[in-house]
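Please read the structure below before turning to the comments.
The values are calculated or read from the model by the stated rules, or taken from the named source; none is laboratory data. Just so you know, these numbers come straight off a predicted model, no measurement behind them. Neighbour counts run over all protein chains shown; Cβ positions are idealised from the backbone, glycine included. The accessibility values were calculated without ligands, DNA or RNA, using every heavy atom of the protein model including side chains. Shrake-Rupley method; radii C 1.70, N 1.55, O 1.52, S 1.80 Å.
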Amino acid sequence: MELVNNLAFNTVIAVVIFGASSYLGILAYSQDKKSSANRIFARFSIATAFWILLAFIPDIPNFRNFALLSAKLNYLTLLIVSVTLFEFPFYFPKERKPKKALIYFIYLIAVTIGLLVIFTNKVIFGLDYFGWGASYIDGDMAGIFYIFMLLGPIFSITNYVFMWRTLDKFEKRKLRYFLFGLFSFLAVNIILQSIVKPLFVHTDALYKFGNYSAVFMIGLTSYSIIRYRLFDIRIVAAEVFTFVIWIILFSRLFSSQTSVDLSVNVFVFVLISIFGMLLIKSLKTELSQKEKLLFLNEKLKNLDKQKNEFINMAAHELRAPITAIKGYISMIMEGDAGVIPEKAIGYLTDVNSVNERLIRLVNNMLNVSRIEEGRLIYNTEVVKLSDVAHSIYVSFKFEAERKGLKFSINIPEHIDDKIEVDPDRLNEVIGNFVSNSVKYTETGEISINISQPTKDRIHLGVKDTGPGISKEEQDKLFQKFYRVESTAGKTIGTGLGLYISKLLVEKFNGKIGLKSELGKGSEFWFELPVSDKPLTTEVEHDNNEAQNEVELKTLREKEKATKHK
Ligand code: ADP
């Protein structure tokens, strides 16, 4: 009790809290001057800082002349604190449009009460002085003031209760600190006012501890506001903490009774000072590393974005010439340039399949960012998997056989293979599988196999007798840009085909995978759910295909026009 009412002790605490609260307020404001949450928090903590200081001044016997004025100003700061609590839910943890009329109404009430406090004795009638300090005598209308003081936190809390469900994880975490601080503050005050005061001490002597507990609220809220920005409040907390310990230890030096006592105190003081400095230094180092990481992360994200833009641009630029090549080849093969020798037809067929591969590659490049960003439009229909697979079989048959590979498709007779997919996209998936098999297999055979493992699932596998893939590489295969080292050097490719295939199959609620052993060939497969809806008959073309077709048609028309000239 001695220490509790010791003037010097309380002066130190009041001044330290005043300094810390104002510092946190200014810090939050200077962190982000434009953020309304930071501004309102700055106001909140500076008002709290003054509240605690002004509440303490009437307790100082030498300041009796200012005691009443100080008490009244103290009530004004409390009004500001309460008004701020009303406004808080509109700005923190996320900014919403404040209800202007409500806020102005609250300001009006606060100003009216404020005028009553300052110019009349209806709220604070006067002060009673005791050994421990001054106690306020309530005026007739003090009740209005108390009710207003209660409404602020109640309004805040009710708002947060209703808002909770609409907040994301990050916002909830921020809010938790503030609410925890607010509840601790309220809890200490309620315990003091309704348990400790009436049952044990019977005076207002302990009111200060209610005030001091505001530190919880300020500290935790500023932590939550500032922590998620670059600056870390942990440093501030460590600094304040160390500073307070220094002051206490330093003041103990003067109360040392004997020389042994003094040496022990000096030793502890020096030790703690060094420890405190080390603590702050290590925190600062950690923080600067964190900042560097954040900066690098930001830079990486930018680079990634630039890379995506480049890929997109390059793919767009490539599409026109390869479509032109496709057009000219088909015109020559159709005899538009006259009769061509048998051998040349063979070469042209090869050029055509390489070109088809390029088109597939460019389409993959264009699609990857569209799929990742959710910009790809899916035209879902109910189709038969065997139909899609068969069209792929036909388009690759020539290329595979020219390479000397045996190529087959196996579709069991009685299967239910209706699936709900975007057929053009599924075409790309099977096309990627078959194109890879033809590309990587030098001798042997390739087969497309459809089977139905269960009534509600349908399975498609593309099996080859190519080089196979080792277990370690299999795990990485469906990652973006991944290419198996041993084959990558020998063929053109981007490592996007399987990645896109996985995204697409998963989009259609399916599973994708492979069975392979080094030297023994591979089987890439996917499984899709069977649809119970009726078949869609109308077939629409996909964007890339459609675009390619349009470009091709224009090319042909241009060609015909020059011929006629
Ligand atoms: P790309 O073929 O453009 O490199 P993919 O994503 O289609 O990209 O394939 C990724 C890698 O997987 C290829 O680079 C290749 O090394 C390996 N791969 C794919 N299919 C087969 C296959 N049938 N046989 C052997 N390796 C394959």
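In Å², what does the accessible area per residue of the stretch 234-372 work out to with a 1.4 Å probe? That works out to 64 Å² for each residue. The magnitude of the dipole of the stretch 149-280, with charges of +1 and -1 set on the Cβ of Lys/Arg and Asp/Glu and taken from the Cα centre, is near 520 debye. In this structure the amide hydrogen of G126, modeled in the peptide plane, comes within under 5 Å of the amide hydrogens of I137, none closer than 5 places in sequence on its chain. Scaling the Cα radius of gyration of the chain by the globular reference 2.2 N^0.38 Å produces a ratio of 1.58.
Over the stretch 409-503, the reciprocal of the mean inverse Cα-Cα separation, the Kirkwood hydrodynamic radius, stands at 14.8 Å.
So the label point goes 7 Å from the Cα of Y347 along Cα→C-beta, right? Which residues of the stretch 386-402 then have their backbone N under 20 Å from it? Counting backbone N atoms under 20 Å from the label point, the list is 399, 402. Quick one: grab the alpha carbon gyration tensor of the stretch 123-186, order the square roots of its eigenvalues as a ≥ b ≥ c, and give me rounded if a/c is under 1.5, else prolate or oblate depending on whether a/b is larger than b/c. In terms of gyration-tensor shape, oblate. Evaluating kT/(6 pi eta Rh) at 25 °C and 0.890 mPa s, with the Kirkwood radius of the stretch 40-91 over Cα pairs in the Stokes-Einstein relation, gives 214 µm² s⁻¹. Ranked by the mean number of other Cβ atoms within 10 Å of their residues, highest first, the peptides 28-38, 203-213 come out as 203-213, 28-38.
Among bridges DSSP assigns within the stretch 350-461, what percent are antiparallel (round to 5)? Approximately 60 percent, going by the DSSP bridge assignments.
When all alpha carbon pairs of the stretch 55-122 are counted in 5 Å bins from zero, the resulting P(r) reads 3, 16, 20, 17, 15, 11, 9, 6, 3, 1 %. Against the longest alpha carbon principal axis of the chain, how many degrees, from 0 to 90 and to the nearest 10, is the axis of helix 100-119 turned? Here the helix axis deviates by roughly 10 degrees. Averaged over residues, the count of other Cβ atoms within 10 Å places the peptides 112-119, 460-467 in the sequence 460-467, 112-119, highest first. For the stretch 60-217, place one equal point scatterer on every Cα, skip the solvent, and apply the Debye formula. What is log10 of I(q)/I(0) at q = 0.11, 0.13, 0.19 Å⁻¹? With no solvent term, the Cα-only Debye profile gives -0.53, -0.72, -1.28. Using a probe of 1.4 Å on the protein chains alone, the accessible area found for F481 is around 80 Å².
For I371, the solvent-accessible surface with a 1.4 Å probe is about 20 Å², rounded to the nearest 10.
Sorting the segments 501-507, 430-436, 372-378 by their mean number of nearby beta carbons within 10 angstrom, highest to lowest, gives 430-436, 501-507, 372-378.
Roughly how tilted is helix 7-31, in degrees to the nearest 10 and between 0 and 90, from the longest Cα axis of the chain? That works out to roughly 30 degrees. Rounded to the nearest 10 degrees, what's the angle between the helix 259-333 long axis and the longest principal axis of the chain, both from Cα atoms, 0 to 90? The helix 259-333 is inclined about 30 degrees to the chain.
Counting every C-alpha pair in the stretch 401-455, the share spaced more than 17 angstrom apart comes to 51%. Using a cut-off of 24 Å between Cα atoms, the listed pairs K94/K507; K455/K507; K305/K480; K439/K520; K72/K208 include K94/K507 as exceeding that distance. When the convex hull of its Cα atoms is viewed from all sides, the stretch 145-301 shows a mean projected area of 14.3 nm². Here the stretch 228-354 has an Rg and Dmax of 37.7, 118 Å, counting Cα atoms alone.
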